[in-house]
Structure formats: C-alpha cells, structure tokens
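What follows is one structure encoded as structure tokens, with my remarks underneath.
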Amino acid sequence: MTTKVNKFDTLLIANRGEIACRVMRTARRMGLKTVAVYSDADANARHVREADEAVRLGPAAARESYLKVDAVIEAAKRTGSGAIHPGYGFLSENGAFVNALDAAGITFVGPPASAIAAMGDKSSAKARMHNAGVPLVPGYHGDDQDDDLLRAEADKIGYPVMLKASAGGGGKGMRVVESTEAFQAALDGCRRESKAAFGDDRMLIEKYLVQPRHVEVQVFCDSHGNGVYLFERDCSVQRRHQKVLEEAPAPGMTPELRREMGEAAVRAAQEIHYVGAGTVEFLLDADGSFYFMEMNTRLQVEHPVTEMITGQDLVEWQLRVAMGEPLPLNQEALTITGHSFEARLYAEDPEQDFLPATGTLERFALDLAGAGLTPDQVRLDSGVESGDVVSMHYDPMLAKLIVHGVDRDAALATLNRALAALDVQGVVTNRAFLQRLATHPGFKNLELDTRFIERNEATLF
Ligand code: ADP
C-alpha cells in the first residue's frame, strides 16, 4: 500500500481522435493544463486544436509517432507534464512504457506495469484468476504446446472448442474448431496468424459457448487498497469479435448476479494489485453461469455508457486516483439510473465489406434541438469536426454516439432519433448499418448474444 501523493498541474495525452478530446475535456474542467501530441498526418487534428499546447512526435506511421516511447517522454519533459494519460490502444497497455515513465518520474494515469503484465498474457492471466477463485471457461491454458497434447485436450473439453492466441487481442488469432479431424489445420492457421500479429504462437483452448453474451464489469481501484465495481456493460453486438453497439446496464441481470459478477471482477483486480480503471470481461451463458475471459487494463472505448448510468466521470476518477487520492465513492454510494447505449461511428463502407473510407468531412454535425433532443439525453464523443480530413493511417472510428433514457426502450428510441439526426457528408460511414441494428426487432426484443449480427446478416447487410 502506498500513500504517495502525485500532484500534477499539466497532463499530456498520448493519443489522438475522440479519446484524446474526451480526456482533455475533463482535465480542463479540473483545472489542468493539457498537452497534445501528434503525427504529421494529425498536425491540424481536432485534439491538437483543442489542447493548450501540442508537440510533434514524428511521421504519420503510428510506430514512428504515437507508439514511440522516447518521443512521448521527451514531449512530456519539454512541456513540464507531470502525468501522461494514454487513452486506449497505442501505449495504454505497454509495460515498458510505464517502466520508462516511472524511471523519468512522470505519473502514468493507469495501473502499475506489473498489473499490465499479469493480464497481458491470456494463459497466465487465466492461471492467476483461477487462484483468485474467478470462474473460467473450461479449457486448457498450460505451457506444454505439443500439437498432439493440444488435440488431446480439445478432445477432452469436447467440440466445438475455441483456439485462442495466448498473446492475442483485438479479435485476432482466434478460431472455432468443430471436430478432432479439423483440429490440426485450425491449429496451424491460428499459430501462423498469431505469430504474424503478436510474434508469439502459444495457444490456449476453451470450450466454445454457443450463444453467450459478452458482459463486462467496470472496476476501479485506488492506491490505498480500495476497489469498487461500477456495474456492467453488455457488448454482445459484435462483428468479427469486435464491438459495434454497447449498452448499460446489461438487460436481464438480477441483483444477485450483478453483485456476484461485480465482486468476482473486484477480486480479479485485487489479485493483481490493480490501480485505476479496468474492465473484467466475462462470457455469460443462457443459464446464468459466467466465465472470465480477460481483463483490459485501461479505460475502454465504451466507458461512457457506464458514466451515463452512474453519473460519474471515469476520467476524473482516473486522474484523482493517479494523484494519490482515494476513490471518490464507495460501493454503497454507487447506483444505476436509467439505461444507456453507445453506437460506434466508423469511416467504413458496409457495402464493401466494411472497407475503411477516407476523405474530407464536408459536414459533421448533430442538430439536437432540431431532433427534439437534449444534451442530457445525447452525448457525441467525437475526434472530428466539419472540414477535417479522415486519413487511412489510424483506426477508422470517427465518433461515438451515446444516449441515455429512463429505461431500455426509451434509450433505444433516443438512439434512433440521434442516429437519424447525425449529418455526415464527404466520408462514407457505417451509420445506415447502425440504424439497421438499432431498429432491428431482434435487438429490441433482447435476442442478444455474440452471434447476433452473424445470425441476422440477411436483414442487416
Ligand atoms: P480479444 O482479446 O481478441 O478481443 P476475447 O478473448 O476478448 O478476444 O474474445 C473476443 C470475443 O470472442 C468475445 O467477446 C466473444 O464474442 C468471443 N469468444 C471468446 N471466447 C469465446 C468462447 N470460449 N466461446 C464463445 N465465444 C467466445
């Protein structure tokens, strides 16, 4: 336990796009000075325009700019930044970066490197979670990686099974295997993919749950040993294992199940001496059993739905915890009000297999009043404005549309009105696809599981 107090008055945000703008908004409200960093492709980007100060990192390629540890630290030193917020992606789960910041005496707004390492590898994370009494999907996550042994383990688990790269993430290096005959070819393919993406071809095997929901718990820990959960999000609507629409709270949760999952998530975090915002992802089976999948040791893209139902600002919590303060609220003081959805707006073409789209945004606007909506009901977290150029260098997510309503039906109606009111011109987006999802009768009627999009392809594409 540490009682270190890390006061800082200048915050560098080592990210771009909507999350950089979102972090700066809270930092500014808290009276902090904000420093942006940018690549050549982003010299005129919104996050640069909105910061008090901005430092160039390097050329457009992420590995020469946003992923460059030395350049980011140099920028922090040059601007007198006492702390760095990493956002999500880029350096947010990079233990070497955290160690380098520690050595430079700069506060990392996130967990200690040891906690990142403990969850960075899916196999060792599962071993730790087993020890902490967190339920796991039945499977194999051992060190022995002999082909025949893996097949024998898969046979023992029973098909279908899911092969996953231990070092995996972002939906890569995963494959469902239907039978013992198909195992070897799937293993070879998965290993190749994993080696190419992560430089590591160790695999783990899980029982493949046929119709699970993806339910994840937001946790928060401070440096004084306190930990709470800010309830759950349902992220079952996924395309190729990537989230598209998220909501909070998860529909159909009983108070008992909510408490059980929340407490298991806090146990998971405390097992690895976690500090800051984290998300523990579970698969929830139709019978109410839940299984640990992984823990993301950062603020997630979908954190706003949690903010909407709890009334808390998670970035403020992160900054306070990073300053050495205790958590703003204890478990008893946290409550859920209403329902929230988030839709991810991507510059991509659903008509062309979701190919990323580029161009100049001739118009990017949301006329709330015109749609009869209020700022209490709708929040647009965006990294762009009218006139901005969308390049091909980075993740194609442009913005997140987040809504709140008194209950799920009200929030869903608001989501549809807000999606219709969004005026985007000049760049192709997935808006029409999001509208088809949000108006889909199956979605409204809670036919939720991770294969929702796959099952409804005929009516969604
Ligand atoms: P990544 O780290 O690449 O995002 P995850 O382990 O979080 O991978 O899994 C991503 C998604 O894959 C989950 O949200 C779920 O939809 C699906 N999935 C993962 N494991 C299983 C499983 N054992 N059975 C069924 N679906 C699974």
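Quick look at the values:
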{"read-out": "Inter-site label distance for residue 273 and residue 286 at 7 Å from Cα along Cβ, in nm", "value": "4.4 nm"}
{"read-out": "Fewest-first sequence of 246, 325 by Cβ atoms within 10 Å of each Cβ", "value": "325, 246"}
{"read-out": "Ordering of 130-137, 208-215 by packing [mean C-beta count within 10 Å, highest first]", "value": "208-215, 130-137"}
{"read-out": "Extended-chain gain in nm, criterion 0.36 nm per residue less alpha-carbon gap, residue 325 and residue 88", "value": "83.1 nm"}
{"read-out": "Stretchable slack from residue 254 to residue 459, in nm (0.36 nm times residue separation minus alpha-carbon distance)", "value": "70.7 nm"}
{"read-out": "Residue 40-residue 444 pseudo-label distance in nm [points 7 Å out on the Cα-to-Cβ vector]", "value": "5.1 nm"}
{"read-out": "Around residue 157: net Lys/Arg minus Asp/Glu count, Cβ-Cβ under 9 Å", "value": "-1"}
{"read-out": "Three-way shape label, the chain, alpha-carbon gyration tensor, a/c 1.5", "value": "rounded"}
{"read-out": "Proximal lysines relative to residue 33, as straight alpha-carbon distance under 20 Å, when same-chain residues fewer than 8 apart are discounted", "value": "7, 77"}
{"read-out": "Dipole magnitude of the chain about its Cα centre (Cβ charges: Lys, Arg +1; Asp, Glu -1), debye to nearest 20", "value": "820 debye"}
{"read-out": "Extension gain (nm, one decimal) between residue 241 and residue 78, 0.36 nm per residue minus Cα-Cα", "value": "54.6 nm"}
{"read-out": "Rounded FRET efficiency, nearest 0.05, which uses the C-beta distance separating residue 197 from residue 60 and R0 of 25 Å", "value": "0.75"}
{"read-out": "Listed peptides 69-75, 120-126, 274-280 by packing density, highest first (mean Cβ within 10 Å)", "value": "274-280, 120-126, 69-75"}
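Throughout, read-outs are computed from the coordinates displayed, never taken from laboratory work. Note that the coordinates shown come from a computational prediction; the quantities given were computed from them, not determined experimentally. Cβ atoms come from the backbone with ideal geometry, glycine included; neighbour counts cover every protein chain shown.
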